[in-house]
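Undergrad: The structure's right below; bear with me while I get my questions together.
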Amino acid sequence: MAANATALPAAAARRSLAPGLSIGLSTIYLSLIVLLPLAALSWKAHGWQAVTNPEATAALELTLGVSLLVALVNAVAGTAIAWTLVRDRFVGQGLVNALVDLPFALPTIVAGLTLLALYGPRSPVAVDVSLKRTGIVLALLFVTLPFVVRTVQPVLFELDREMEEAAASLGAGRARIFLRIILPSILPAILSGVALAFARAVGEFGSLVLISGNIPFKTEVVSLYIFGRIESGDPGGAAAASVVILGISFGVLLAIGVLRRWVTRHDR
Amino acid sequence: MIGRYAVRFASLGYLAVLLVAPVGYVFWKTFQHGFGPAWDAVTTPDAVHALKVTLILTAIAVPANTIFGVLSALAIVRHRFPGAGIFNAVVDLPLALSPVVVGLALLLLYGRGGWLGGHGIAFALPGLVLATIFVSLPFVVREVVPVLREIGTEQEQAAATLGASWLQTFRRVTWPAIRWATAYGVVLTTARALGEFGAVSVISGRLTGETESMTLYVQDRYRSFDDVGAYASSVLLALLAVLTLIVMTRLRPKEETQ
């Protein structure tokens, strides 16, 4: 572009106004929509006992614990589903592939309600996970399902199978081929998907509202704790707790950024 | 051979238990006594109003975020400017932020005692609009950025060399290349806008028949022990989700063969 600008000053001058405009407009939009409210949030955060009291720390521990568990389950289940979609062949595969996106498209409150209908107090299969931590894990598994599948699937699809064939011809078993050849190639993608799932699980609200029952010290996650603080007229404390999970979210985002760079370097 | 089938059945079983069975059961419960009761439940004045609110929110948030998305994708990929890294991170932020935190941030800005409080934004439709725009902001940007990177600048430079204006270059060269990515981003934005619950829940003040969107209505019906109403309005939202899903799968192959 620089070479072009020296060769064609007139064209470059014509082009220079529009980019300035697009940068300016999108920066203003982003500042008004995202940054200004978040600035207000950090400014109004006060009452740090809202973060350090036993109920809050219990909520934070529970949130991080279940999110970690959900991320780990996703690492295994997501990879298996991606494998089934790429390496397997069966009737209805296209439909299954489309179904994986359903949790992204389905409103979270509807996700919570559907789980509650089948696995709630009036369950036709006699499984009741409502008001239990199991219910929280189930709801989080539902909403985070697509992340690992959708990050691993394309990498698995692009994977060169010659190495696997070579390993097989040298007498390596299936497990050994997977662990030594396939897993190292798809690991960055798995980790990236796991991080996204974890970040999503930490902040999840809609699917948990109905199913968790919001019992302090038992099924109260951070997002519901914040909501409770708002309802009981303590927006300052709610903001303080929000700043804490804002920090966690941002940390995870940065980690994903680093991972992504690692993944793209891996490609080349 | 056995291993292959084990992975297949484990994967499909997981999807069946977690996804297909619950969603299928709610559909079955809704239409258990025929189409009539379900239809009646989603055509009450409150339900129709809630649907209208949701459609208004979507109709504002999607075009706004599409224009912003294309503009800022161009800014991120095509131009180097100070703070581009921070810009990039802030665009992603709504993806990782809890919806409750988004709602609270808007409440603290526009609610009573807020910097911009007292203008009828919190607990009213404008607040819901801002919340919806916030949470559905990153999707178009995220879809368009990689495609812009992929196509490079050669064709755009050629067009400029031949005397095309910025607008002509965009319309004839850049836009045809990013069209499908933009469309895919629009579909994701729409799905998110239709389904937003947490942020809207905090900023709405929950006035039935006024600031209640469809997702809030679902919760309201469930809390009032009106199962038919809750299931039927859930199914309506789920059908919209399935429609989005169909568009998504239709767009994906086109995006890949580009």
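Undergrad: What FRET efficiency, computed as 1/(1 + (r/R0)^6) with R0 = 35 Å and r the Cβ-Cβ distance, is obtained for A:ASP88 and A:TRP262, rounded to the nearest 0.05?
TA: 0.80
Undergrad: Another one. For the range A:44-267, just the Cα set please: Rg and Dmax, both in angstrom.
TA: 20.1, 68
Undergrad: Dipole of chain A, Cα-centred, from +1 at each Lys and Arg C-beta and -1 at each Asp and Glu C-beta, to the nearest 20 debye?
TA: 460 debye
Undergrad: What is the spin-label model distance, in nm, from A:GLN49 to A:PHE157 if the labels are put 7 Å beyond Cα along the C-beta direction?
TA: The modelled label-to-label distance comes out at 5.6 nm.
Undergrad: Return the calculated 222 nm mean residue ellipticity for the protein assembly as shown, to the nearest 500 deg cm²/dmol, obtained by summing -39500 (n - 2.57) across DSSP H runs with n ≥ 4 and dividing by the residue count.
TA: -24500 deg cm²/dmol
Undergrad: What is the Cα radius of gyration of the range B:139-258 over 2.2 N^0.38 Å, N being its residue count?
TA: Rg over 2.2 N^0.38 Å, computed on Cα atoms: 1.52.
Undergrad: Could you give the length gained on full extension between B:ALA21 and B:ILE246, defined as 0.36 nm per residue of separation minus the Cα-Cα distance, in nm?
TA: So the chain would gain 79.0 nm between B:ALA21 and B:ILE246.
Undergrad: How do A:GLU220, A:GLU61 line up, fewest other C-beta atoms within 10 Å first?
TA: Ascending number of Cβ neighbours within 10 Å: A:GLU61, A:GLU220.
Undergrad: Right, something else. Can you list which of the DSSP-assigned H helices in chain B have a Cα extent of 27 Å or more along the long axis and an average Kyte-Doolittle score of at least 1.0?
TA: B:45-78
Undergrad: Pull up the cross-link candidates among the aspartates and glutamates for B:LYS29, meaning alpha carbon to alpha carbon under 17 Å and not fewer than 8 places away within one chain.
TA: B:ASP40, B:ASP226, B:ASP227
Undergrad: May I pose another question? Give me B:LEU108, A:LEU187 ranked fewest to most by other Cβ atoms within 10 Å of their Cβ, as a rough exposure proxy.
TA: Result, fewest neighbours first: A:LEU187, B:LEU108.
Undergrad: Where the centroid of each part is defined by its Cα atoms, how far is the range B:135-153 from the range B:179-254 in Å?
TA: The two parts, judged by their Cα centres, are 24 Å apart.
Undergrad: Would you please name the GluC sites (Glu not before Pro) within the range A:147-179 that are DSSP coil residues with at most 14 other C-beta atoms within 10 Å of their C-beta?
TA: none
Undergrad: To continue, here is another question. Which helices count as membrane-span-like in chain A under these terms: full DSSP H, at least 18 Å along the axis by C-alpha, Kyte-Doolittle mean of 0.5 or more?
TA: A:9-30, A:54-87, A:133-158, A:183-203, A:235-267
Undergrad: Additional query: Can you work out D for the range B:34-257 in µm² s⁻¹ from Stokes-Einstein, where Rh is the Kirkwood radius over C-alpha pairs, the temperature is 4 °C and the viscosity is 1.567 mPa s?
TA: Estimated diffusion coefficient is 67 µm²/s.
Undergrad: How large is the charge dipole for the range B:34-257, taken about the Cα centre, if only the Cβ atoms of Lys, Arg (+1) and Asp, Glu (-1) carry charge, to the nearest 20 debye?
TA: For this selection, approximately 560 debye.
Undergrad: Taking the alpha-carbon distance from A:LYS218 and a cut-off under 20 Å, which aspartates and glutamates remain once sequence neighbours fewer than 8 residues away in the same chain are dropped?
TA: Hits, sequence-local ones excluded: A:GLU55, A:GLU61, A:ASP128, A:GLU204, A:GLU231.
Undergrad: Can you give the Rg/Rh ratio of the protein assembly as shown, where Rg is from the C-alpha atoms and Rh is the Kirkwood radius?
TA: Over the Cα atoms of the protein assembly as shown, Rg/Rh equals 0.98.
Undergrad: Give the calculated FRET efficiency between A:LEU254 and B:TRP175 to the nearest 0.05, with a Förster radius of 35 Å applied to their Cβ-Cβ distance.
TA: 0.60
Read-outs: derived from the displayed coordinates by stated rules, not from any lab. Bear in mind the structure is a predicted one, so any value in this text is a computation, not a measurement. Don't worry about glycine lacking a Cβ; one is built from the backbone with ideal geometry, like all the others, and counts go over all protein chains shown.
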